[in-house]
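Below is one structure, written out as structure tokens; comments come after it.
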Amino acid sequence: MDQALKPGLYIVATPIGNLGDLSTRAAAVLGAVAAVACEDTRVTGKLMQHIGKKAKLIRYDDHASDATRDHLLALAAEQAIALVSDAGTPLISDPGYKLVRAAREAGIAVTSIPGASAAITALTLAGLPSDRFLFAGFLPAKDKARRDTLAELSAVKATLVFYETGPRLLDTLGAVDEVLPGREVAVARELTKLFEECRSGSASELIGHYTQHPPKGEIVLVVGPPGEREVSAADADELLREALRDRKPSQAAAEVARATGLDRKMLYARAMELK
């Protein structure tokens with residue numbers, strides 16, 4: 001960057017895997033700031049080494065104190081400082097929004113340098129409806145809380161996007177299979193890296209695959225919206241029969257309605273017939 005940056009906070013997106021995805025503008029900003037607020041100084045240190053630049057690295061994560069935030073604000077009022085996450089766009093399921101809010105309230109200029117985002121990359125690969133989507137970060141680790149969250153989101157008429165880890169993927173797919181039956185699901189992992197993969201199918205199909213091939217790496221789970229595909233009467237009956245194995249007709253009807261977008265009253269009447 002030919003001229004010095006004006007004082008302020010610069011939100012800089014970094015690569016999610018392939019270092020070639022760091023934009024020219026992002027590299028220039030990182031090379032010109034006085035300090036970089038980051039989740040892990042070791043990770044950001046490697047990125048700075050990659051671009052051949054040095055800057056003061058200040059750890060800033062979910063556990064950062066108010067004093068650390070105040071220190072960063074004081075710096076940004078006088079100099080240009082950057083905010084990065086370990087990978088991708090800061091604030092997207094990463095710490096930082098409190099710092100940005102405080103900077104804006106203090107009248108400090110905030111500039112965002114866009115770039116890679118795992119959620120958006122996965123959405124473009126999944127082949128699921130993308131005109132409306134809801135990013136919901138990480139699902140809860142505990143089984144009941146996970147299922148409750150999925151049930152809460154079941155009525156949202158949009159594609160759902162979650163971040164997940166390899167060790168928890170099978171449990172999450174099991175919850176999706178139970179709470180959101182019949183929906184198409186995509187698992188995107190190792191995005192932009194050598195072993196990038198995006199596999200689609202039903203939750204049960206994906207459970208079968210990943211039981212045989214334990215997943216590694218960072219994962220984005222994409223779940224299609226309710227009723228994104230036409231559901232035949234036979235398909236609806238099959239879903240109802242499956243749900244009726246361990247649920248009351250009213251519960252089965254509600255579950256299939258969430259998954260398909262079909263009328264719940266109609267499904268309840270059919271569930272009573274099948275019962």
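Residues are listed down the side, and each one gets a yes or a no for (1) crowded, with 16+ Cβ neighbours inside 10 Å; (2) of a type outside the set (D, E, K, R); (3) closer than 21 Å to ALA126 by Cα:
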position	(1), (2), (3)
SER202	yes, yes, yes
ALA234	no, yes, no
LEU244	yes, yes, no
PRO249	yes, yes, no
ASP263	no, no, no
note = Within the stretch 42-52, residues surrounded by fewer than 16 Cβ atoms within 10 Å (Cβ to Cβ) and not hydrophobic (A, V, I, L, M, F, W, C) come out as ARG42, GLY45, LYS46, GLN49, HIS50, GLY52
ask   = Which one of ARG199, ARG247, ARG270 is in a helix (DSSP H, G or I) and not polar (S, T, N, Q)?
value = ARG270
ask   = When the stretch 1-52 is examined, which residues are found to be assigned to a loop (DSSP other than H, G, I, E, B) and over 25 Å from the mean Cα position of the chain (by Cα)?
value = MET1, ASP2, GLN3, ALA4, LEU5, LYS6, PRO7, VAL33, ALA34, GLY52
message = Tell me whether the stretch 151-160 contains one or more residues that are in contact with a Leu (Cβ under 6 Å, 6 or more places away or on another chain), buried (at least 21 other Cβ atoms within 10 Å of the Cβ) and outside the structural domain of VAL33 (by TED's automatic domain parsing).
response = yes
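Inside the stretch 136-185, can you point out the residues that are within 24 Å of ARG247 (Cβ to Cβ), basic (Lys, Arg) and outside any loop (DSSP other than H, G, I, E, B)? Let's see the steps before the verdict.
Residues of the stretch 136-185 within 24 Å of ARG247 (Cβ to Cβ): 139-140, 142-157, 160, 170-185.
Subsequent filtering for residues that are basic (Lys, Arg) retains 142, 144, 146-147, 157, 183.
LYS144, ARG146, ARG147, listed by residue number.
The rows are residues; the columns are (1) of a type outside the set (Phe, Trp, Tyr); (2) farther than 30 Å from ASN18 by Cα; (3) without any contact (Cβ under 8 Å) to a residue 12 or more places away in the chain.
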residue: GLY137; (1), (2), (3): yes, no, no
residue: ASP143; (1), (2), (3): yes, yes, no
residue: LYS157; (1), (2), (3): yes, yes, no
residue: ILE207; (1), (2), (3): yes, no, no
residue: SER232; (1), (2), (3): yes, yes, yes
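Can you confirm whether ALA116 is modelled with pLDDT of 95 or more and not in a loop (DSSP other than H, G, I, E, B)?
no
Taking the stretch 74-112 as the region of interest, how many residues are hydrophobic (A, V, I, L, M, F, W, C), over 30 Å from TYR163 (Cα atoms) and out of contact with any Phe, Trp or Tyr (no Cβ under 8 Å at 6 or more places or on another chain)?
So the answer is 7.
Only residues that are hydrophobic (A, V, I, L, M, F, W, C) and surrounded by fewer than 19 Cβ atoms within 10 Å (Cβ to Cβ): list them for the stretch 6-34, please.
Matches in the stretch 6-34: LEU19, ALA28, ALA32, ALA34.
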query = Of everything in the stretch 186-195 that's outside any strand (DSSP E or B) and in contact (Cβ under 8 Å) with a residue 12 or more places away in the chain, which residue is farthest from PRO15 (Cα to Cα)?
reply = PHE195
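So for the stretch 72-83 (the condition being under 27 Å from LYS193 (Cα atoms), modelled with pLDDT of 95 or more, buried (at least 19 other Cβ atoms within 10 Å of the Cβ) and not assigned by TED's automatic domain parsing to the domain that holds ILE219), does at least one residue qualify? Outline the logic, then answer.
Here is the first cut: in the stretch 72-83, the ones under 27 Å from LYS193 (Cα atoms) are 82-83.
Right, trim to modelled with pLDDT of 95 or more and you get 82-83.
Those left that are additionally buried (at least 19 other Cβ atoms within 10 Å of the Cβ): 82-83.
Applying the additional criterion that residues be not assigned by TED's automatic domain parsing to the domain that holds ILE219 yields 82-83.
Yes, the stretch 72-83 has at least one match.
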remark   = When ALA151 is run through (1) modelled with pLDDT under 95; (2) on the phi > 0 side of the Ramachandran plot, the failure sits at (2)
ask   = With respect to GLY107, is the statement that it is at pLDDT 95 or above, closer than 17 Å to ARG25 by Cα and of a type outside the set (Phe, Trp, Tyr) true?
value = no
query = Going through the stretch 89-123 one residue at a time, which ones are surrounded by fewer than 14 Cβ atoms within 10 Å (Cβ to Cβ) and closer than 23 Å to ALA188 by Cα?
reply = PRO114
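The values are calculated or read from the model by the stated rules, or taken from the named source; none is laboratory data. Because the structure is predicted, anything quoted here is derived from the model rather than measured. Cβ sites come from the backbone with ideal geometry, for glycine too, and all protein chains shown count toward neighbours.
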